[in-house]
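Comments concern the structure below.
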Amino acid sequence: MAESKVKKATPAVKTAAVKPRKPESHLAMVRRARKINRALAELYPYAHPELDFESPFELLVATVLSAQTTDLRVNQTTPALFAKYPAPEDMAAAVPEELEEIIRPTGFFRAKARSLIGLSIALRDRFGGEVPGRLADLVTLPGVGRKTANVVLGNVFGVPGITVDTHFGRLARRFGWTAEEDPEKVEAVVAEIFPKSEWTMLSHRVVFHGRRICHSRKPACGACPIASLCPSYGEGETDPAKARELLKYEMGGQPGQRLKPPADYPGIPASAARAG
């Protein structure tokens, strides 16, 4: 898959000196966590969902498809999907094999097709064809857990929620906010650290940071603006020059994952959309 490069200077990334850490009280951790959130807000003022969508139904479907694949791959798949099945009623009546073929690039396509048809039937029969705006209702839909429900609630209904995907969980542990591995336990712990009004944007900022700088296997510690606040500094590349080479998406001068990015997304014009 060829990628169009955005010819724009890589954003300057300032790092601060990292000092040895002393044992930390819970209060000190909370204060440090909130400093991290404020720093990430300055670094990613444009943080947003990286799935393309134009309705609650489209975001719900795209989020289900995003499991075990990239948002870019989902964004390359959903235009054809929503052209054929624009509403729950259409997807509820889908021929499974035809739906599977469209979503095949996202992986686990048979299981995902079952979930999409099942949730569409539920929306049609139980919710009048509309995506419900309550967590308790959303999690009753096939293939929809708390993570997917919080994505939908936070981004189309304005209901605060913490989205614990693999990036968020990894960074919450690296930042020393929690040692929990279970997503629901991570969500509960982090919810006690931050005010509810911050939950949705905190989720976007942490996920953005995990995708761009604090990668799973090789975090770019030497190019990280919040290194001085991170107790896991040193797990990745600390040499600034080598770390800058690890930066991804707009931090590395490349497009993000959206094919229809928001107008205020930095230096990533719509013309940068890539063909699948």
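Laboratory data are not the source of any read-out in this text; all were calculated from the coordinates shown. Treat the numbers as computed from the prediction; the structure is a model and nothing was measured. Neighbour counts run over all protein chains shown; Cβ positions are idealised from the backbone, glycine included.
Remark: the residue 130-residue 217 segment gains 27.3 nm on full extension, using 0.36 nm per residue and subtracting the alpha carbon distance. Computed log10 I(q)/I(0) for segment 56-156 at 0.17, 0.24 Å⁻¹: -0.67, -1.40, from the Debye equation with unit scatterers placed on every C-alpha and solvent omitted. To the nearest 10 degrees, how steep is helix 146-156 against the longest Cα principal axis of the chain, on a 0 to 90 scale? The answer is roughly 90 degrees.
The magnitude of the dipole of segment 56-156, with charges of +1 and -1 set on the Cβ of Lys/Arg and Asp/Glu and taken from the Cα centre, is near 360 debye.
Taken about its Cα centre, segment 47-108 carries a charge dipole of about 160 debye when Lys and Arg each add +1 at the Cβ and Asp and Glu each add -1 at the Cβ.
With each label modelled as a point 7 angstrom along the Cα→C-beta vector, the residue 87-residue 185 pair spans 4.5 nm. Here the Kirkwood formula puts the hydrodynamic radius of segment 134-174 at 10.7 Å, using every distinct Cα pair. The distance between label points at residue 244 and residue 69 comes to 3.6 nm (points 7 Å beyond Cα on the Cα→Cβ vector). Taking 24 Å as the cut-off for C-alpha to C-alpha distance, list the pairs among 112/248; 147/185; 112/218; 185/218 that go past it. The pairs that break the limit, which is 24 Å between Cα atoms, are 112/248; 112/218; 185/218.
In the chain, helices alone account for a calculated mean residue ellipticity at 222 nm of -14000 deg cm²/dmol, with every DSSP H run of four or more residues adding -39,500 (n - 2.57). Computed from point charges on the beta carbon alone (+1 for Lys and Arg, -1 for Asp and Glu), the dipole magnitude for the chain about its Cα centre is near 1280 Debye. Estimated from the Cβ-Cβ distance and a Förster radius of 22 angstrom, the FRET efficiency linking residue 137 and residue 111 is about 0.50. Size check on the chain: the Cα extents along the three principal axes, sorted descending, read 60, 42, 29 Å.
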